[in-house]
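The values are calculated or read from the model by the stated rules, or taken from the named source; none is laboratory data. Since the model is a prediction, treat every value here as computed from it, not as a measurement. Every residue, glycine as well, gets a Cβ built from its backbone with ideal geometry; the counts of neighbours run over all protein chains shown.
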Amino acid sequence: MRCQSLLVRRLCRGSLLFLASLALLGPIAASAPAHAAHVIEAGAGWQNQGAVRGVLQWQPSIQGSRKDVPVYVGYRYVGHGRVFFAPSLRLTFTNFWSIGGGGNLLGLSLAPAGVGVYLTRPPSAYAADARRGRWFVTAQLAASLQLGGNITPAQPQNPEVPDPDAHRAGLRARIDSGAGIDVLTLPQHYPLGRYGFAAFGLPLRIDIWGMATNRVERCFFFESHPRLLERPHANSDSDPPYGYSTTAGFTTTLF
């Protein structure tokens, strides 16, 4: 519990720094040059995180797949030229569940190195008043680092799983014995326990966006980590998962 409290305090401090950074970006956004924009965004999506090796043994998810529903607020830089620099910062709350357990993750993600390219004519090809109603498509590739942890280690409670650790041990024993498990009938909403992590990813993102007004952007996106390395903190109770993730969602952005 002491380790978990320390993790929560660190995440809270990181969240405050994140929000302070967003506040400082306000004046920058107002004075952004015509060829680029500093963007504050909020969004949600669906994410599947799985393992590319040891599929049935990936802990804590066991079956090699964790279902995530992320909700986030963040900052990203969007250039208006054909090729542009694409750093981003994101605070994410994620509700997740799996055969190995469920909970809620809070994470702070930083992608300082990234590049984007327009697959359509870029906004710089149009006058500012001619961009309204037009749609643009961008592709972005970045390197990201995320720090986070499970902020509800004792939730969600499930009367079908009174002892989560014993339940997980039984599942692994059945897998090891060759008896197998039926992933469609096993409970997935029960406490995962303590889990803190640092994840390194290479997110590839496709955005389809258009200007609803001169200052409001609507955007559909698909983001994938072809290779995601998620390493638990030393005091966590689980082994490191290695895998991938995909996220799709919608954002509304104010310039």
Point to revise | Selection status of ALA113, under 30 Å from ALA212 (Cβ atoms) and touching a residue at least 24 places away in the same chain (Cβ under 8 Å) | key: no
Check your understanding: Which residue, of ALA128, ALA154, is farther than 21 Å from GLU223 by Cβ, modelled with pLDDT under 85 and either more than 23 Å from the chain's Cα centre (by Cα) or surrounded by fewer than 20 Cβ atoms within 10 Å (Cβ to Cβ) (or both)?
Key -> ALA128
Exercise for review: Kindly check whether there is at least one residue in the range 98-107 that is among the β-branched types (Val, Ile, Thr) and surrounded by 15 or more Cβ atoms within 10 Å (Cβ to Cβ).
Suggested key: yes
Exercise for review: Could you please let me know if PHE220 is at pLDDT 85 or above and closer than 25 Å to LEU91 by Cα?
Suggested key: yes
Study note, to complete from the structure: Within the range 158-184, residues at pLDDT 90 or above and surrounded by fewer than 11 Cβ atoms within 10 Å (Cβ to Cβ) come out as PRO159, GLU160, PRO162, ASP163, ALA166
Check your understanding: When the residues of the range 64-86 are filtered to those that are closer than 24 Å to SER124 by Cβ and basic (Lys, Arg), which remaining residue is surrounded by the most Cβ atoms within 10 Å (Cβ to Cβ)?
Key -> ARG76
Check your understanding: Could you count how many residues in the range 140-186 are closer than 18 Å to PHE96 by Cβ and touching a residue at least 40 places away in the same chain (Cβ under 8 Å)?
Key -> 15
